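Here, each number is a calculation from the coordinates, and none is a lab measurement. Just so it is clear, the model here is predicted, and its values are computed rather than measured. Please note: Cβ atoms are built from the backbone with ideal geometry, for glycine as well, and neighbour counts cover all protein chains shown.
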Amino acid sequence: MAEREERRFAEVSRDSVKLMAESAGVEVGDEVAALLAEDVCYRLREAAQNSSQFMRHAKRRKLTVEDFNRALRWSNVEAVCGYGAQDALPFRPAKEGELFFVEDRDVNLVNLALATNIPNGCAETMVRVHVSYLDGKGNLEPQGTVPSAVQSLSEDLLKYYQQITRAILGEDPHLMKVALLDLQTNSKIAALLPYFVYVISGVKSVSHDLEQLNRLLHMVKSLVQNPYLYLGSYVRSLVSSVMYCILEPLAASINPLNDHWTLRDYAALLLSHIFWTHGDLVSGLYHQILLSLQKVLSDPVRPLCSHYGAVVGLHALGWKAVERVLYPHLPAYWANLQAVLDDYSVSNAQVKADGHKVYGAILVAVERLLKMKALSLSKPAEGGVGGQQGTAGGVLGFRESSPGLSPPPEPLSEAGLGIASHLQAGGAGCPWEDWTPVPLPAMYCELYSFFGDSLAVRFSTGPELEGCLPALPCQPADARKETVANAAAGLDNSRKMPQLTANLNISPRPDGSPHTEPPPPSLAKVAGSNPDPPRLQRRSSSSRPGQRSAGPSRDVFPKARFPPPQAGPPSFSFLIGGRQMGRRCQGRRFQTSFGPQPPLASLPPRAYAHKLPVIGRVSKPVRRWTCSHYSLHLPL
Amino acid sequence: MAAVQDGQVESDAEKETKPDASNDVAGNSSGGARSMSPNAASSASGAAKAAAPTGPGEQQTLLAVLQFLKRSKLLESVDILRREAGLSDELDESQTNDGAAAGSGAGSQGEGSVDAASLLRRVSVGGAAATNIAATTTSKGAEDQPDVSIVLSAYSQQGDPALYQVYYSGLKNFIESVLDCHRAELSQLFYPLFVHMYLELVYNNHEHEAKVFFEKFSGDQECYYRDDLRVLSGLTKKEHMKGNETLLDFRTSKFVLRISRDSYQLLKRHLQERQNNQIWLIIQEHLYIDIFDGMPRSKSQIDSMSGSLAGEARREANKAKVYYGLLKEPEIEVPLDDEDDEAENEEGKPKKKKPKKDNLGSKNKKQDPNAPQQNRIPLPELKDSDKLDKIMSMKEATKKIRLGPDTLPSICFYTFLNAYQGLTSVDVTDDSSLIAGGFADSTVRVWSVTPKKLRKVKSAADLNLIDKEADDVLERIMDEKTASESKILYGHSGPVYGISFSPDRNYLLSSSEDGTVRLWSLQTFTCLVGYKGHNYPVWDTQFSPYGYYFVSGGHDRIARLWATDHYQPLRMFAGHLADITCTHFHPNSNYVATGSADRTVRLWDVLNGNCVRIFSGHKGPIHSLAFSPNGKYVASGATDGRVLLWDIGHGLMIGELKGHTDTVYALKFSRDGEILASGSMDGTVRLWDALKAFDVETDDFTAATGHIHLPDNSQELLLGTYMTKSTPVIHLHFTRRNLLLAAGGYNSQ
């Protein structure tokens, strides 16, 4: 009759009425059936309307069978039993005829009764309170996630937590290893993260016990490497714990027999690791770190071991950090150090030994600074191409010097410069605003004046670079070209220079990072961004040809930086993750290497570099190096 | 004509203080109707309240009443009624031809009322309570014959069904052609006319015409009538109309329109010119046009007030004086003050407190001119423990944070976890030490949210053993073995929709779908009383702020006022046209507000049971109410997500808070009334600047005419929106220090 009506309501057809009547043994005529059908529809609607009341008062949005039954019961109609389950009831069509029915499977009561996997009873209903908003603002927890109260610690988790902490802080080294490994791979410990972070923050109370400190640092490393954990703002807390190990004059260092130097080195490595993998979780972290390192370095009252920590920290953060913080400080600092080193009195012996440690650390840091600087500066001489290569060399050099680390630090120092400029109190060194890169020759000359021949001696161990660097002051242009060539040709050589940085190479477990293992991808990237075909072929035999095509589009579409599909079957997700990681950073390096160039050229990349953290935040898991399968989820 | 008759008698009874007999009659007939169909009864009485006994139709009604009384052999009442109405015997006689002798005589009635009177003498309650008792003894004679057909018989006079469309579109054309200023007012006619014409068509079995009519004109109606239209559209047969509550409402209550005199004259002239009898008849029969002098109202003014099931409230309905002021706080006696000072001494600054206390005292001594008399309704005496609690509360209050737009409260959220049974209601004690939840699985659970565990009182045998003279006897009577964080109360047989703590924390009330309200002891954690009377789901219940009394309301459309020590209600507040969805006590305990699915809020006087305010303007069922702490204002939240603010004294809407996207289930004012918090199904808590919202000047003109101009300033008033984690907010509570507590059940789906 009225089509609109029919569309708006469920209708019971007169055939259905007839069928029902038949099954009840009554014969009804067409007319009666039609009347009945209409009445049934009306009653159904009425019941539905009434049932919605029960839904509203139960403060639900979903109408349940229960609601409908209540409505029926109150209108003196027998309730429909057997449909009380919360799950949806799928209708299935029958083969013959247009018949639909709710699937009703038989339940084998015997099996059910004898089943061994008895489900746990429902958890008890309880009330949990949490402060959601303080003074009407601020949200203490991220919104939209599962309420933390819901995942409040279960019995099992609590047990796990106790076992793990006991194992890590306990005596058995084997057990500790297992525990750390599990911490690194377990996907279900998100709820425990705050507890672990709290445990780690206990470093301050065990500063007398190197062993414990070491274990805690290992715990940090495991947490950081766990791909399933979102560290969020806990990064800050972790960083402060690690910084404590790097910078503080630990109680353990009073005894000269304690090797707290190794601890500091390891902590420095860890710091840079945390920063490069999770640095974007907390804004301004890099500059906070730099500032605190700088503060320690410029504070002559601090003991030498703290200074040492600051130097290795800077070194671990990359050569740019060294250039910006350590190098400007060096003249001032040198006087103090010199005084210590020149004091030959017996009482000073211990301090002097420490001084030598610092001296060594500075030397190593400065030396890499020079090397990297040379490589990066060689770029202007040969244009963009050279720049790329220089950076590429930088990558390798860095990589090798700190195997546990992921990508090199240059990009962010560039990106965050603006932020830091106001953070900087304009204290020691030179303010960030008017910081201009010191030309390499000048830098070398100055450093030479400090270290004298020891600088040159160190460089002599790298056979390819040996000639060029000392020669730089007199013939910079040629030298640069040469450097490039050397860098290009002698990549393998430069990778063979661990002795240079032995001091920093003490990553206790070289197994840690996947980045130690695939240098080829990083090479490939260099090649990819390098428009020069012959070189590309030569240098990166392992690179995939598909990348060349991807190269040009990179500046414009940052997200297109993924390896093209043929790069490898997705099943090797591990590889993809690693590459991608490298690639992304390659992108940054690519940007920053333009830094010193005229603003016109550097503007777009700079903008991109600013955006990077944002992108990174959206696709958080990508940052986790081992979290390869997550990386596939990144919107391409 | 049973339903109409009842109402009439009742309204008579209300107007004049009648002798007992007539009270009995009122009780008798309304009770009979109630047990047969509660909806019919309530709507009938609602209609009766609205109808004033003038005009020729009224005489018919009176005659019918007489007839009914005679049939029930209530001869005394017949005489009284006849005398009062001034009806002649002949008239009466001519009408009465089938005075069927019903079973139960006047004698049994008399007994019933005597019983009732003796039972309730202590309560000193008038007819309302007696009616209920009487109801139980009513003869069942009237029950078998549904009165619906009689009610609907008003639709029997009909014109040509084919012409209905012509009539309607004629009027539509006319209204659309009048001046703008009149058009908005006259447009109000569309909806009631449409509904009544449609029903007439359906009633007279013109199914096809009805359908065509509906389809042609249903699109013209205001969107806020959508829900009603949906119900209407489903209804196409005369048979369906029987027992359909909505229809009874349309029929029995006159739809109230407010129209300026000019507009009304226009309409009248038009209808007379066109000889449009059909429409004129409907207007006379089913509409109540409240004519006022002055400027016609604008569209927005009309829209803000309309939307309820029975149109706007009549102006005179909101004219009664309401004593909205607060009661004087009882003065705390000297020994207690000493105690207070001692406490201050412990804190080490005894001097500072003194002047402040005096200040408080003097403030209390001033009698609010708008406050009711202290003993207007009898309130329970304060016990020592209550006084102690008062002191605690005052102490806390001195540490209270003064809230404002710049200092918003912190919010704590109580999440009910693993509430698979379905959390349906929550309440928190005033001192925020206990929280209780009502669940769909018929249980009530009480949690202690302080470290103090919940303990039962020892069994009688053990109680005999304790030293009753000991100082800590209150501590000794508790059974330490039963200490636990939560207790479950079993007793209901349906979802628990309403829950309320007594102010002294000794009792808990729960109302359920099973039609009962239960009183639980929080000392023994057992059920003390089951209050039966509603017979249909009870949607909400609440304790009076002074304890002892409580109010309940539910599907039967009658709100009941109870006292904890009486198993029968003391008052029955009838008048709502649909389910009562929420009930709330005024802070001075002299009034009760009820929100209903008929989209009105009504304010009832506890003393005499009168409806003193009708607030219309909501466009959906009302699910939450809150009085401002000073008693001057009431806020109401509905399924449409809007919160409306009402000035009780003037009986006006004074604000509209838009922002929520789903039903507002919780409303609460901060302790000083600066902030209004609203919690909704949409999973947000919103804070509103109540002071600013109430800062509207009500000039005499507005107060007199009731024409309001609502500023559209929701966005300015909104101080913050706070998301929960996919948890609907179903309760809000400000602690004594103005920390906001919200509660809801986490829903993982």
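Please list B:619-630, B:314-325 highest first by mean number of surrounding beta-carbon atoms within 10 Å per residue.
The packing order, highest mean first, is B:619-630, B:314-325.
Could you give the nm distance between label points at B:Gln265 and B:Asn713, where each point is 7 Å from its Cα heading toward the beta carbon?
3.7
For B:Val473 and B:Glu381, what does the FRET efficiency come to when R0 = 30 Å and r is the distance between their Cβ atoms, rounded to the nearest 0.05? Provide the component values of the computation, followed by the final result.
Details: r = 21 Å, r/R0 = 0.72.
Approximately 0.90, to the nearest 0.05.
Between beta-carbons, use under 14 Å as the cut-off and find the net charge around B:Glu176, counting Lys and Arg +1, Asp and Glu -1.
Local charge sum for B:Glu176: 0.
Which value in nm describes the separation of the simple spin-label points at A:Ser75 and A:Val178, placed 7 Å from the Cα toward the beta carbon?
In this crude spin-label approximation the distance works out to 6.6 nm.
Could you rank the peptides B:459-465, B:518-524, A:438-444 by their average count of other C-beta atoms within 10 Å per residue, with the highest value first?
In decreasing order of mean packing, B:459-465, B:518-524, A:438-444 become B:518-524, A:438-444, B:459-465.
Rg and Dmax of region B:510-584 over Cα atoms: what are they, in angstrom?
In order Rg, Dmax, the Cα atoms of region B:510-584 give 11.6, 39 Å.
With 10 angstrom as the radius, rank B:Val78, A:Val32 by how many other C-beta atoms surround their C-beta, starting from the fewest. Don't jump to the answer; show the numbers that get you there.
Working: B:Val78 20, A:Val32 15.
So the ranking, lowest neighbour count to highest, is A:Val32, B:Val78.
Distance cut-off 24 Å, Cα to Cα: go down the list B:Lys238/B:Lys299; B:Lys242/B:Lys619; B:Lys453/B:Lys668; B:Lys390/B:Lys668; B:Lys299/B:Lys619 and report the pairs above it.
Working: B:Lys238/B:Lys299 35 Å; B:Lys242/B:Lys619 26 Å; B:Lys453/B:Lys668 27 Å; B:Lys390/B:Lys668 21 Å; B:Lys299/B:Lys619 16 Å.
As for pairs spanning more than 24 Å Cα to Cα, those are B:Lys238/B:Lys299; B:Lys242/B:Lys619; B:Lys453/B:Lys668.
Run the numbers for B:Lys242 and B:Ile488: contour at 0.36 nm per residue of separation, minus the present Cα-Cα distance, in nm. Walk me through the numbers on the way to the answer.
Working: separation 246, 0.36 × 246 = 88.56 nm, distance 4.24 nm.
Gain on stretching B:Lys242 to B:Ile488: 84.3 nm.
As a footprinting exposure proxy, order A:Glu66, B:Glu207 by other Cβ within 10 Å, with the fewest listed first.
Final ranking by Cβ density, sparse to dense: B:Glu207, A:Glu66.
Go through region A:21-32 residue by residue and turn each phi into a ³J(HN,Hα) via Karplus (6.51, -1.76, 1.60, θ = phi - 60°); whole Hz please, and just put x for glycine and proline.
Values, residue by residue: 4, 4, 5, 8, x, 10, 9, 10, x, 4, 5, 4 Hz.
Extending each Cα 7 Å along its Cβ direction at A:Phe91 and B:Gln374, get the distance between those two points in nm, one decimal.
6.9
Tell me, what is the FRET efficiency for A:Arg43 and B:Cys223 to the nearest 0.05, using R0 = 45 angstrom and their Cβ-Cβ distance as r?
0.95
Please give the contour-minus-distance gain from B:Arg315 to B:Arg505: 0.36 nm per residue of separation, less the Cα-Cα distance, rounded to one decimal in nm.
64.3 nm
What FRET efficiency do you get for B:Thr661 and B:Ser300 if R0 is 25 Å and r is their Cβ-Cβ distance, rounded to the nearest 0.05? If you can, show how the numbers build up before the last one.
Working: r = 22 Å, r/R0 = 0.88.
That gives a FRET efficiency of 0.70.
If the chain between A:Asn111 and A:Gln338 were fully stretched, how many nm would it gain, using 0.36 nm times the residue separation less the Cα-Cα distance?
So the extension gain works out to 73.3 nm.
Mind checking the mean number of beta-carbon atoms from other chains within 10 Å of the Cβ atoms in B:411-423?
Mean partner-chain Cβ count within 10 Å for B:411-423: 6.
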